[in-house]
Amino acid sequence: MKPEQLVEELKKRLGTDKFDFSYNRKDDTLRLDHKTLQKGMEIQLPGVLAKYNERKEQAIEEVVYTIEQTFNAMEKEQTEAIYSLEKIFPVIRSTSFPLKSKDGHAFITTDHTAETRIFYALDLGATYRLIDESMLPKLNATAEQIREVARFSVKQLSTNVKKDEVAGNIYYFVNENDGYDASRILNDGFLKEMKEKIKGDMAISVPHQDVLIIGDIRNETGYDVLAKMTMHFFSIGRVPITSLSFIYENGELTPIFILAKNR
């Protein structure tokens, strides 16, 4: 599929009655402006096309869903009925993620590791909005109160895991698809419970926001498998975080670089 074809496909599915479309051939970007809300968003077409080459129809459905939910969130925001401390959760992003919104407002953040940073999100149901300083008056809260509420909220998320074994190593996956799978890495109680189960080294990966991998690494092959698995998830994620994994020891996370079968 070519960029022009993707633009036409999005026009067909989203409709020109609601949106104005502006395709920039030079930058390969598509600008959508909501006619009623007077707000818009930009889509980087090469990224969508790369996913289309892998997943075909599913990739198109995903981008259409993301666009619709983003604008639905904007509509809710205008009513100001969304501003509730009960709907705040932490989310993990890479350290390269922008620190300010497109309007220039600084996001509320907390340092996490050399590879990751904690942001805070206002849950809107099918999507969420990252909290920036301009939203604090509407939430009637300070930045530290936001952080405290989020620390509590992440502990309320379910921690069901799926288990797989490869070459004598055990891998556990959290994949609830609620937007906060990677956020479970902030649940200290959950990590300590998993540590008690693990007989080898405990390694953790958050390749994108919709998966958390915990490895019970019992031999060198285990690291190689984890590295390949993490890179695969990182390459297909809607919101990639990091292709590196972490060793969990004494309640601390240390990034590790895995090359072939060496730590």
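The values are calculated or read from the model by the stated rules, or taken from the named source; none is laboratory data. These figures come from a predicted structure and were not determined experimentally. So basically every Cβ, Gly included, is an ideal-geometry build from the backbone, and we count neighbours across all protein chains shown. Note: accessible area is taken over every heavy atom of the protein model, side chains too, but ligands, DNA and RNA are not part of it. Shrake-Rupley method; radii C 1.70, N 1.55, O 1.52, S 1.80 Å.
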Out of K18, K39, K2, I need the residue that is in contact with a His (Cβ under 8 Å, 6 or more places away or on another chain) and either over 19 Å from K102 (Cα atoms) or open to solvent by less than 90 Å² (accessible area, probe 1.4 Å) (or both). Which one? K18
Just one listed residue, out of R151, R184, R129, is out of contact with any Phe, Trp or Tyr (no Cβ under 8 Å at 6 or more places or on another chain), within 20 Å of R238 (Cβ to Cβ) and not in a loop (DSSP other than H, G, I, E, B), and it is R129
Would you mind finding the one in D33, D28 that is charged (D, E, K, R), surrounded by 13 or more Cβ atoms within 10 Å (Cβ to Cβ) and within 18 Å of Q69 (Cβ to Cβ)? D33
Identify, please: which residue in the stretch 211-263 is of a type in the set (D, E, K, R) and not in a helix (DSSP H, G or I) and is, among those, nearest to the chain's Cα centre (by Cα)? R238
Test set (1) in a helix (DSSP H, G or I); (2) in contact with a Pro (Cβ under 7 Å, 6 or more places away or on another chain) - A114 fails condition number: (1)
Consider only pairs whose beta carbons are under 9 Å apart and that are at least six residues apart or on different chains; among these, list those whose first residue lies in the stretch 213-236 and is under 14 Å from D164 (Cβ atoms) and among the acidic types (D, E) and whose second residue is assigned to a helix (DSSP H, G or I) and open to solvent by less than 40 Å² (accessible area, probe 1.4 Å). D216/M194; D216/G222
